[in-house]
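Here the structure comes first, spelled out in structure tokens, and everything after it is commentary.
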Amino acid sequence: MSAFSAAHLATLGLLLAAPQARAQATEPEKSPEPPSVQLSEEGYVFSTADKAFVLKIRGQLQADGRFYVADSDRSGTNTFLIRRLRPFLDGTLFGFVDFRLMPDFGVNQPLIQDAYIDLRPVEWLRLRAGRFKTPFGLELLQANTDVPFIERSLTFDLIPIRDAGLQLHGDIAGGRLSYAFAVVNGDPDGASIDVNTDDSFDLVARVFAQPFQSDTSSALQGLGLGVAVSRGLQFGTPSANTSTTGLGPQRSTGQEIIFSFLNNGPPGPTVVADGEHVRLSPQGHFYWGPVGLLAEYVLSSQEVSVGDQRARLTHHAWQAYASYVLGGDASFTGPKPHRPFDPKTGKGGALELSVRYQGLDMDDDAFPVFADPTRSVSQAQGFGVATLFAFNRRVRVALNYHHTSYEGGALDGDRVAENVVMSRFQVAF
């Protein structure tokens, strides 16, 4: 065989072998994993296999009863009501962008409670934008489905609730320390306002430490201590609308108005926010097995004016509660049954028993120039007892009794004490 023929045969062999070699060298492509669809107590969860895109459809329903007892001239009305009806969407985009949209249709007043986006490149650094809970009150930052009492304490009257703005927050050292710094429009005490009406903003800062959180063998694992502060300049304009006066009313545990500033509309004097507003709140909790303790104090100091009269008014509120769980463990996220309730055997579930002491002290200098002493109380103090049965982590029933006594607030002296019994049936998923 000539050299030329041998070269042709060698070339032909290489050409025939090349496709087979490439087929052996190239691994077959894997078909993409299908998306995941799950239904559990966490709601409906749709996600890609790598969890980069997640959509959670969740909701809560709270059906309440509110009954005023032993009050001959009470102002409250016995009623059944849908306290909260909240469908909401939680989700993740691209693995590092979270979002929440939560409307509320309770008490026949549809509104948007939460609507925000969270950018979280790392756990210790997150940026939130939109409308969200102001990072201030400890009890506020508990989900309303997890608090041991049906209605929040009197400290709620002096804190900003929900606001629109930007928040930088995160968890450090595995959650042992959490922080939040926010720039928000600025809410009146005990209120939520959607828009800024005075061109100024509030700065809010909160740090909270749980140094033993990861130590499962320590009795101090459930200890948490923190402090929150806020400062802003708020300027209201005379109007019948709280969002423009910069001042909101204070409410009792039974949700009756017990303090409000003078607001007689354009024909008469109207008190408005007029300057610096500062708040301070030391706060803490402790959970150990079935025992739970929580306490917080709130100071709110604000400059107000009516006509040519000005004053800086400083108000105080506090609360402390203790709870004990039978058949489960106490926690900041509500009682955790050792096992879910089984209707066939009648066993399981957890019973939480709680007591609370609370108070509200409005500045004496508010009377009689800025608030009418015959309509607004100067002090409120009271206690509450609560029973809550958790069938599981999502289904609960509760019964509460609250007694609150007042100083001032009536034509002939003190407002009649409030005695209210409340019930709740709750489903959250």
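We did not get these values from a lab; they are worked out from the coordinates using the rules stated. It should be emphasised that the depicted structure is a prediction, and the values quoted were computed from it without experimental measurement. Quick reminder, even Gly has a Cβ in these numbers, built from the backbone with ideal geometry, and neighbours come from all protein chains shown.
Odds and ends about this structure:
- Residue-count net charge about Leu294 - beta-carbon cut-off 14 Å; Lys, Arg +1, Asp, Glu -1: -2
- Here the convex hull built on the C-alpha positions of segment 224-337 has a volume of 118 cubic angstrom per residue.
- Charge context of Phe429, other residues only, Cβ under 13 angstrom, K/R +1, D/E -1: +3
- Cα convex hull, segment 337-392: 113 Å³ per residue, rounded to a whole number.
- The C-alpha atoms of the chain define a longest principal axis, and helix 3-25 lies at about 30 degrees to it.
- The chain, relative contact order in percent, only Cα pairs under 8 angstrom and at least six apart counted: 12
- Over segment 149-214 - Rg/Rh using Cα atoms and the Kirkwood inverse-distance radius: 1.07
- When the chain is treated as a Gaussian network with alpha carbon springs shorter than 10 Å, the biggest mean-square fluctuation among Glu418, Glu139, Glu41 belongs to Glu41.
- Nearby lysines by direct alpha-carbon distance to Lys133 (threshold 28 angstrom, same-chain neighbours under 8 apart not counted): Lys51, Lys56, Lys336
- In the chain, the calculated helix contribution to ellipticity at 222 nm averages -2000 deg cm²/dmol per residue, counting -39,500 (n - 2.57) for every DSSP H run with n ≥ 4.
- Electrostatic bookkeeping for Val369 treats Lys and Arg as +1 and Asp and Glu as -1; over the other residues with beta carbon under 15 Å from its beta carbon, the sum is -4.
- Per the Debye formula on identical point scatterers at the alpha carbon atoms of segment 118-230, with no solvent, log10 I(q)/I(0) at q = 0.12, 0.15, 0.23 Å⁻¹ is -0.47, -0.72, -1.33.
- Read-out mean projected area of the Cα convex hull in nm², derived from the coordinates shown; its label in (1) 24.6; (2) 20.8; (3) 32.1: (3)
- Mean separation of Cα contacts under 8 Å, 6 or more apart, over the residue count of segment 185-258: relative contact order %: 31
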